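Beneath this line is the structure, given in structure tokens, with notes to follow.
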Amino acid sequence: LLKEWRAADANDPELYVAYFNHYIKQSRSNVISLGTHPEGDEVLELRDPDSTKKEPVGYIYDDVHYDPDLLATAFAYIDTGIAKFPQRLDMRFGKTHMYGETEDYAHFTDEVVRTIEHGAATGYAWTWTNNEPVEDPKEYTLSGTQEYVHRLWETGDDSLTKDIVRITEAVLKEVPDHVESLSTRAAIHIMNAEYGPALDLLLRAEKLAPEDAIVTSNIAETYKRQGDMGKAIKYYGRTVELGDEETKTFARKQLEELRK
């Protein structure tokens, strides 16, 4: 079907999406794995019936593998599609998603940065399936980018901090008032005990979004680590006023410790 479609209309953007999806599905296989750490939603615990230990000795779980040759073919087709139709954001996001699924975070980050730069250079004139225009394309790009940043955070892999920095700095180069990126970049400065640069970014973010509880909480934490307990108390108090229940609980606990 794909060959007939290509012969009939090789300039149909949906053709390259179809090729990409086809080879992704062909490349994917599910296997049963045995390991010492549970992975996925469906996990079978293995226990030693002759042991007094309560902890499982291992786990059996469903694992996903991708054939590298078929995966490379899928990426080659979507690259052709992007080259022919550079404004198709669904192609770029689909490609990025698969780099995340295969944990290829170097290419994942490269693709996110390219999308940010191309979007800014073309006025975010993105289209989606059937070349339909994307609604509120700049915000859609930024929110999608932030989801990719969260994915990197959630790996818990400190070596990926450099990738988070690349993405947030790429965003801030094009959109200097993007609060989420200011806050994320500041959080990495805090992790590295770079409190001056962190505070500069966070105070900029506060001016842009004075009701953002994440920003006020991070400002409080920065002042706390700098030893300025008065300002830390002030901003944790502000966080109690602005945050959701989880954030308020955290801020109240911090205030209790600071006031002792």
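Just to be sure I understand, how many residues within the stretch 222-244 are open to solvent by 40 Å² or more (accessible area, probe 1.4 Å) and farther than 22 Å from Asp177 by Cβ? So that I can check it myself, show each step before the final result.
Restricting attention to the stretch 222-244, the residues satisfying the condition of being open to solvent by 40 Å² or more (accessible area, probe 1.4 Å) are 224-231, 233-234, 238, 241-242, 244.
Imposing the further condition that a residue be farther than 22 Å from Asp177 by Cβ reduces the set to 224-231, 233-234, 241, 244.
Within the stretch 222-244, residues that are open to solvent by 40 Å² or more (accessible area, probe 1.4 Å) and farther than 22 Å from Asp177 by Cβ number 12.
Matching residues to (1) modelled with pLDDT of 95 or more; (2) among the charged types (D, E, K, R); (3) in contact with an Asp or Glu (Cβ under 8 Å, 6 or more places away or on another chain); (4) not in a helix (DSSP H, G or I):
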residue	(1), (2), (3), (4)
Leu160	yes, no, no, no
Glu180	yes, yes, no, no
Ser183	yes, no, yes, no
Leu199	yes, no, no, no
Glu206	yes, yes, yes, no
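Is it the case that some residue within the stretch 2-9 is open to solvent by 40 Å² or more (accessible area, probe 1.4 Å), among the aliphatic types (A, V, I, L, M) and modelled with pLDDT of 95 or more? Among the residues of the stretch 2-9, at least one is open to solvent by 40 Å² or more (accessible area, probe 1.4 Å), among the aliphatic types (A, V, I, L, M) and modelled with pLDDT of 95 or more, which makes the answer yes.
Being open to solvent by 20 Å² or more (accessible area, probe 1.4 Å) and among the small types (Gly, Ala, Ser): is that true of Ala186 here?
Details: open to solvent by 20 Å² or more (accessible area, probe 1.4 Å): no; among the small types (Gly, Ala, Ser): yes.
No: the conditions fail for Ala186.
Given the structure, is Glu180 over 14 Å from the mean Cα position of the chain (by Cα), surrounded by 14 or more Cβ atoms within 10 Å (Cβ to Cβ) and among the acidic types (Asp, Glu)? Criteria not met by Glu180. When only residues in the stretch 111-128 that are more than 20 Å from the chain's Cα centre (by Cα) and in contact (Cβ under 8 Å) with a residue 40 or more places away in the chain count, which is nearest to Phe93 (Cα to Cα)? Filtering the stretch 111-128 for residues that are more than 20 Å from the chain's Cα centre (by Cα) and in contact (Cβ under 8 Å) with a residue 40 or more places away in the chain, the one nearest to Phe93 (Cα to Cα) comes out as Trp128.
Only one entry of Ala125, Ala121 meets the criterion of being of a type in the set (A, V, I, L, M) and either open to solvent by 60 Å² or more (accessible area, probe 1.4 Å) or touching a strand residue (DSSP E or B) at 6+ places or on another chain (Cβ under 7 Å) (or both), and that entry is Ala121. Of all residue pairs spaced 6 or more apart or on separate chains, those with beta-carbon atoms under 9 Å, a first member in the stretch 26-48 that is among the small types (Gly, Ala, Ser) and a second member that is at pLDDT 70 or above and in a loop (DSSP other than H, G, I, E, B) are Ser27/Asp67; Ser29/Asp67.
From the list Asp67, Asp104, the lone residue that is of a type in the set (D, E, K, R) and either touching a helix residue (DSSP H, G or I) at 6+ places or on another chain (Cβ under 7 Å) or at pLDDT below 95 (or both) is Asp67.
Check the stretch 208-225 and report whether any residue there is out of contact with any helix residue (DSSP H, G or I) (no Cβ under 7 Å at 6 or more places or on another chain), in contact (Cβ under 8 Å) with a residue 12 or more places away in the chain and not hydrophobic (A, V, I, L, M, F, W, C). Checking the stretch 208-225: not a single residue is out of contact with any helix residue (DSSP H, G or I) (no Cβ under 7 Å at 6 or more places or on another chain), in contact (Cβ under 8 Å) with a residue 12 or more places away in the chain and not hydrophobic (A, V, I, L, M, F, W, C).
Filtering the stretch 94-113 to residues that are more than 21 Å from Lys25 (Cα to Cα) and not charged (D, E, K, R) leaves Ala106, Thr109, Val112, Val113. Residues of the stretch 87-99 include none that is surrounded by fewer than 18 Cβ atoms within 10 Å (Cβ to Cβ) and of a type in the set (Lys, Arg). One residue is enough: does the stretch 59-79 have a residue meeting the conditions touching a residue at least 60 places away in the same chain (Cβ under 8 Å) and open to solvent by 20 Å² or more (accessible area, probe 1.4 Å)? Yes: one or more hits.
The values are calculated or read from the model by the stated rules, or taken from the named source; none is laboratory data. Keep in mind the model is a prediction, meaning the values are calculated, not measured. A quick note on method: Cβ atoms are made from the backbone with ideal geometry, for glycine too, and the neighbour counts reach across all protein chains shown. Keep in mind that these areas ignore ligands, DNA and RNA; they rest on the heavy atoms of the full protein, side chains included. Shrake-Rupley method; radii C 1.70, N 1.55, O 1.52, S 1.80 Å.
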